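Read the structure below first, then the notes.
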Amino acid sequence: LLAVENDNLLGYLGLLPDTISIHSELPYKVIWLSCMWVSQQARGKGISMQLLQKSFELGNKNILLADYVPFTKTIYDKTHQFNEEPYSKKGIRLYIKADFQHILPPKNAFLGKLTGIFKAIDYSVNMLLNLRLSFYKEDVSQLIFEYSDQIDDEVNDFIISKQATELFKRQKDDLNWIIQHPWILSADEKDALNTKYYFSSTAKTFNFYALKIRNADNRLIAFMIFSKRENTLKLPYLYHDNCIDTVIKVLNYHIIKWKINTFTSYHSELAQTLMNKKTPAIYKKVTQRNYMISSALKNTLFHSNHDIQDGDGDCVFT
C-alpha cells in the first residue's frame with residue numbers, strides 16, 4: 001500500500017492477506033500488517049495514519065500484526081481500531097556463542113560506533129566457547145533426516161493431521177511458496193535495488209531448511225522448517241508426533257552443525273521444554289512476542305485453545 005504525491009513516494013505499508021480457520025467454521029479473510037515506512041520529508045503529515053485507515057478499509061477491519069517495534073504501538077493505538085492489550089506469546093532465546101557485534105549496536109548510536117570492539121570480543125570469547133562445543137555431542141544415529149526444498153504429499157498429510165487447533169493452517173502450497181519466495185536474499189553487499197528498500201532485505205546468508213525426521217522404522221515422526229540468517233536460527237514451523245524430546249535432539253544437533261550463535265522460538269511446548277533440558281546454550285532467556293489485534297477480531301482470536309506457529313504472519317520472512 002503506497003502513499004504517493006506528485007510521483008514522490010511518501011510512505012508505504014506492507015499488507016499480507018490471510019485466512020483464519022476456527023474449528024468447523026468457514027475460513028474468513030484477514031490482513032496482516034507488515035513493514036511501515038514514512039519519508040523524513042513527509043513526517044507530520046499523518047501519512048502513517050492514512051495508510052493504517054486504508055488498510056482497515058481494505059481488510060474489513062480484520063487486521064493483525066506481529067512482533068512490532070514497541071514504540072510504534074502509540075501509532076496503532078491512535079487509530080482506536082486495535083485492542084489496547086496486545087496478545088503475547090512467551091518464548092525462549094538460546095545464546096550459544098557470543099554475538100555482541102549484532103546484539104548491541106542496534107540498541108543506540110553510541111554502541112553502533114563500537115562494532116569493531118564487539119567483533120574482537122566475540123572472536124576472543126568464541127575461541128573458548130568453540131572448544132567447549134567441540135565436546136558437545138547429540139546422538140541422532142537412530143533418526144533419518146531428509147532435507148528438501150519442496151513440501152510433498154506425505155508431509156502435507158502429516159501437517160494436516162496436526163492442525164486441529166491452529167488459526168492459520170499452512171499447507172503444501174503455502175509453505176512451498178514461502179520457501180521459494182524469501183523476502184531476505186543472500187548477498188555479501190547491498191546492490192542498487194536493495195538500497196531503495198527501507199528495511200533490510202539482504203543478509204550474507206539466508207536459507208530455509210525443510211526437514212523430515214523419521215525413526216528407525218522409517219516412519220515420519222516430525223517435520224520442521226528452519227530459517228537460518230547468518231548465525232541466527234529460528235523454527236517458523238514445527239509439527240511432531242508427540243516426540244518433543246526427539247525434536248530437541250534434532251535442534252541441538254543442527255545448532256552445533258550450523259555453528260549457530262542464537263536460537264529463538266515461541267512454540268509454547270518447545271520453549272517450555274527447552275527451558276528445562278540440556279542444550280548447547282550458555283544462557284537461556286525468556287522472551288516475548290506481541291501481536292496487535294483489531295477490535296473486530298479480539299473476541300474471536302487467540303483463545304487458550306488456539307495455536308499459532310512462529311512463522312505465521314510475516315514473521316517467517318524475517
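The values are calculated or read from the model by the stated rules, or taken from the named source; none is laboratory data. The structure displayed is predicted, hence computed values, not measured ones. All Cβ positions, even for glycine, are placed from backbone atoms using ideal geometry, and neighbour counts span all protein chains on display.
Table for the structure above
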item: Restricting segment 265-277 to residues that are closer than 15 Å to Tyr95 by Cβ and in contact with a helix residue (DSSP H, G or I) (Cβ under 9 Å, 6 or more places away or on another chain), the residue that is surrounded by the most Cβ atoms within 10 Å (Cβ to Cβ); result: Leu274
item: Identity of the residue in segment 97-131, of a type in the set (D, E, K, R) and touching a residue at least 40 places away in the same chain (Cβ under 8 Å), that ends up farthest from Tyr253 (Cα to Cα); result: Asp99
item: Residues (more than 20 Å from the chain's Cα centre (by Cα) and at negative phi) located in segment 80-103; result: Gln81, Phe82, Asn83, Glu84, Glu85, Lys97, Ala98, Phe100, Gln101
item: Scope segment 94-123; condition at pLDDT 95 or above and not hydrophobic (A, V, I, L, M, F, W, C); matching residues; result: Tyr95, Lys97
item: Qualifying residue in segment 143-152 (condition: surrounded by fewer than 12 Cβ atoms within 10 Å (Cβ to Cβ) and under 27 Å from Gln288 (Cα atoms)); result: no
item: Test: residue in segment 120-130 that is within 19 Å of Leu233 (Cα to Cα), exposed (fewer than 13 other Cβ atoms within 10 Å of the Cβ) and outside the structural domain of Ile225 (by TED's automatic domain parsing); result: yes
item: Of all residues in segment 212-224 being within 15 Å of Ile244 (Cα to Cα) and in contact (Cβ under 8 Å) with a residue 40 or more places away in the chain, the one that is farthest from the chain's Cα centre (by Cα); result: Asn215
item: Any hit, segment 64-75, residues being of a type outside the set (Ser, Thr, Tyr) and over 30 Å from Lys298 (Cα atoms); result: no
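Matching residues to (1) of a type in the set (S, T, N, Q); (2) in contact with a His (Cβ under 9 Å, 6 or more places away or on another chain); (3) closer than 21 Å to Ala203 by Cβ:
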{"residue": "Ala222", "(1), (2), (3)": "no, yes, no"}
{"residue": "Glu230", "(1), (2), (3)": "no, yes, yes"}
{"residue": "Lys234", "(1), (2), (3)": "no, no, yes"}
{"residue": "His240", "(1), (2), (3)": "no, no, no"}
{"residue": "Asp245", "(1), (2), (3)": "no, no, no"}
{"residue": "Asn252", "(1), (2), (3)": "yes, no, no"}
{"residue": "Lys284", "(1), (2), (3)": "no, no, no"}
